[in-house]
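The values are calculated or read from the model by the stated rules, or taken from the named source; none is laboratory data. Remember, predicted model here, so these are calculated numbers, not experimental data. When we count neighbours, we look across all protein chains shown, and the Cβ atoms used for this are built from the backbone with ideal geometry, even at glycine. When the accessible area is computed, the model is the full protein with side chains, heavy atoms only, and any ligands, DNA or RNA have been set aside. Shrake-Rupley method; radii C 1.70, N 1.55, O 1.52, S 1.80 Å.
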Amino acid sequence: MSDYEFGICPYDKTHRIMLFRMPKHIVKCQKNYRGPPLKICKYNATHRVLDMEEHLKECPYYLRAIGYQSVQIALTTRIAPIQEDGHDVNTPL
Ligand SMILES: [Zn+2]
Ligand SMILES: [Zn+2]
């Protein structure tokens, strides 16, 4: 239970959030965010970036969507897939 992948909160770089909690965390953090507005990635709603064009060059979800298989394989080793088996989805932060 301790080997979850962590991601950096796009609204506060000091927040390290378990990836499966990121969607809920982002909703909360967005409300307190006072910086420049971030764009939401169409391919993964937890991706919030200033420069979407730059982001899409390295977004694994986008690259997967356009069928860029080699990149997908390279990235899956360090980016855990979103867990959709219901595990902890309803756990409050
Ligand atoms: Zn945060
Ligand atoms: Zn993305």
For the stretch 1-39, which trypsin sites (Lys or Arg not before Pro) are in a loop by DSSP, counting at most 10 other Cβ atoms within 10 Å?
-> Lys13, Arg34
Go through His25, His15 and list them by solvent-accessible area, largest first, probe radius 1.4 Å.
-> His15, His25
Largest first, how would Glu54, Glu5 line up by accessible area (1.4 Å probe)?
-> Glu54, Glu5
